[in-house]
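S.K.: Got a structure for you, questions after.
The values are calculated or read from the model by the stated rules, or taken from the named source; none is laboratory data. Keep in mind that what you see is a predicted model, and the values were worked out from it rather than measured. Please note: Cβ atoms are built from the backbone with ideal geometry, for glycine as well, and neighbour counts cover all protein chains shown.
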Amino acid sequence: MDFLSLALDWTPNVNHIGFFVAQNKSFYRDEGIDLNIVSPISDDYASTPAKKLEQGKVDFALCPIESLISFRTKRSPFSMVAIATLLQDDLSAIVCLEDSNIKRPRDLSNKIYGSYNARYEDRIVREMIKNDGGEDNLLCSYPKKLGIWSTLLSGNSDATWIFLNWEGVEAEGQGIKLKYFKLGDFGIPYSYSPVIAASESGVKINRGTYQRFLAATKKGFLFCQNNHEEAVDILRRQVPSTDLNINLERALDLSSAAFGTEETWGSIDGSRLQTFFDWLNRKELEKQRFSAEEINAWKFFR
C-alpha cells in the first residue's frame, strides 16, 4: 500500500467531492493507495497547501496555477508542476453585493477588496478594473483566509474572489444577491484553478504511483456525474457544520459539467496555460518568462 497525502485549498467543498467519493468507494484502495486528505482547518490556514508541499508535509497540493509560478520564481525556488486540473471551466468570479453601488469592475476603484494575499491576485483584479476603464486604486484588506467571505457579507469588504459553485450557492440559499465579474469577460485569459500540484522531483520518482492516484481520482469525480445523490451524501459527511446550510445538490449541479468527461477529466491545455503566462509577462505581473512545458506535467499522465 502506498501512503499519499493531499492538502486541500479550502475547507471541504464541492470542488473536492471526487476525492472523498474515491476514498469512500475504495477507488484509492483498489489502486493500492491510502490517501490522507488534509484540510486547512487543521492549522487555520497558517500554511498554504503549496507551502505544505514545499515542506514535504504532503505529496499533492490543490492551488491555482499562479502558485506554481510563484514558487518557481521566489528567492529560493521550489519546482512545482501541475499533474491535473479539477475543473475544465473557470467557476470563480470577483463578486460584490448586488445592492451596492458597484455595477461594473471599474466601480471597484477606491473600494475595499478582501484579498487572499496571493502573489498575483491583487494585480490581476487591478488589471480587470483597468480593462473596464477604471483607475488602479483598489484598496486591499487581508483578513484571515477562512474568514474572507464573511467580510463581504458583514460589509467589511466591498468585493472578493469566490467560487460561484460554492460561496455563490451559499449566498443564493440565503437570499443574498450578488453581482459577479468573471475574469474572462474583461480581457483576462485566466487558466486553471484549482490544479493538483506535485513536486517535479516527486513526479519523476513516483510516476507510476501518481498515475494510479489520478486514475482513482478521475473515477471519483466522474462517479459524481451519474450518481448525484450518493456523491452528495458522501460530501455532506465531510463539510464543516457551518457549511451544511449550503445546497450541496445545487453545488454539484453547477460543478458536474466542469469535471469533464472520460476523455477530458484532468486535462491541461498547454496553449491555454501559455496564453495566461504570456499575459502575466506582458502586463509585467511576472518578469520571468515561462513556458507551459515547464509547469504542465499532465502530459506524463495521459
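For every residue, the table says whether it meets (1) of a type in the set (Val, Ile, Thr); (2) exposed (fewer than 14 other Cβ atoms within 10 Å of the Cβ); (3) on the phi > 0 side of the Ramachandran plot.
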position: 255; (1), (2), (3): no, no, no
position: 260; (1), (2), (3): no, no, yes
position: 276; (1), (2), (3): no, no, no
position: 284; (1), (2), (3): no, yes, yes
position: 287; (1), (2), (3): no, yes, no
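S.K.: Got at least one residue in region 87-103 being over 14 Å from the mean Cα position of the chain (by Cα), farther than 20 Å from residue 151 by Cα and touching a residue at least 60 places away in the same chain (Cβ under 8 Å)?
M.R.: The answer is no; no qualifying residue exists.
S.K.: Kindly provide the set of residues from region 104-121 that are surrounded by fewer than 18 Cβ atoms within 10 Å (Cβ to Cβ) and among the charged types (D, E, K, R), ordered by number.
M.R.: The answer is 104, 106, 119, 121.
S.K.: Please enumerate the residues belonging to region 183-202 that are closer than 19 Å to residue 300 by Cα and either at pLDDT below 95 or surrounded by fewer than 20 Cβ atoms within 10 Å (Cβ to Cβ) (or both).
M.R.: Result: 200, 201.
S.K.: Continuing with this model, one more query. Being buried (at least 16 other Cβ atoms within 10 Å of the Cβ), out of contact with any strand residue (DSSP E or B) (no Cβ under 8 Å at 6 or more places or on another chain) and without any contact (Cβ under 8 Å) to a residue 12 or more places away in the chain: is that true of residue 25 here?
M.R.: When the stated conditions are applied, residue 25 does not pass them.
S.K.: Which condition number in (1) in the same structural domain as residue 65 (by TED's automatic domain parsing); (2) in contact with a strand residue (DSSP E or B) (Cβ under 7 Å, 6 or more places away or on another chain) is the one that residue 229 fails?
M.R.: Residue 229 satisfies all of (1) in the same structural domain as residue 65 (by TED's automatic domain parsing); (2) in contact with a strand residue (DSSP E or B) (Cβ under 7 Å, 6 or more places away or on another chain) except (2).
S.K.: Please go through region 191-250 and give me each residue that is of a type in the set (D, E, K, R) and closer than 18 Å to residue 8 by Cα, ordered by number. Even if it seems obvious, please write down each step before you answer.
M.R.: To start, the set of residues in region 191-250 that are of a type in the set (D, E, K, R) comprises 200, 204, 207, 212, 218-219, 229-230, 233, 236-237, 243, 249-250.
Scanning region 191-250 gives 218, 236, 237, 243.
S.K.: Inspect region 172-186 for any residue being of a type in the set (Lys, Arg) and over 20 Å from the mean Cα position of the chain (by Cα) and give the result as yes or no. Show your work before the answer.
M.R.: Here is the first cut: in region 172-186, the residues of a type in the set (Lys, Arg) are 177, 179, 182.
With the extra rule that they be over 20 Å from the mean Cα position of the chain (by Cα), the set shrinks to 177, 179.
Yes: region 172-186 contains one or more residues that are of a type in the set (Lys, Arg) and over 20 Å from the mean Cα position of the chain (by Cα).
S.K.: Considering only region 196-302, give the helices (runs of 4 or more DSSP H) lying wholly within it that have at least 3 residues that are touching a Phe, Trp or Tyr at 6+ places or on another chain (Cβ under 9 Å) and either among the hydroxyl-bearing types (Ser, Thr, Tyr) or free of Cβ contacts under 8 Å to residues at least 40 places away in the same chain (or both).
M.R.: Values: elements: 200-205, 207-226, 228-236, 248-255, 270-282, 292-295.
The qualifying helices (runs of 4 or more DSSP H) are 207-226, 270-282.
S.K.: Being hydrophobic (A, V, I, L, M, F, W, C) and either under 15 Å from residue 191 (Cα atoms) or out of contact with any Gly (no Cβ under 9 Å at 6 or more places or on another chain) (or both) is the filter here, so list the residues in region 273-302 that pass it.
M.R.: Passing the criteria: 273, 276, 277, 279, 280, 285, 290, 292, 295, 297, 298, 300.
Matching residues to (1) surrounded by fewer than 16 Cβ atoms within 10 Å (Cβ to Cβ); (2) within 29 Å of residue 112 (Cα to Cα); (3) of a type in the set (A, V, I, L, M, F, W, C):
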{"residue": "154", "(1), (2), (3)": "yes, yes, no"}
{"residue": "157", "(1), (2), (3)": "no, yes, no"}
{"residue": "168", "(1), (2), (3)": "no, yes, no"}
{"residue": "218", "(1), (2), (3)": "no, no, no"}
{"residue": "231", "(1), (2), (3)": "no, no, yes"}
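S.K.: Please work out if residue 156 is on the phi < 0 side of the Ramachandran plot, of a type outside the set (Asp, Glu) and in a loop (DSSP other than H, G, I, E, B).
M.R.: Here the answer is yes, as residue 156 does meet what is asked.
S.K.: Out of (1) at pLDDT 95 or above; (2) within 20 Å of residue 275 (Cα to Cα), what's the single condition that is false for residue 73?
M.R.: Residue 73 satisfies all of (1) at pLDDT 95 or above; (2) within 20 Å of residue 275 (Cα to Cα) except (1).
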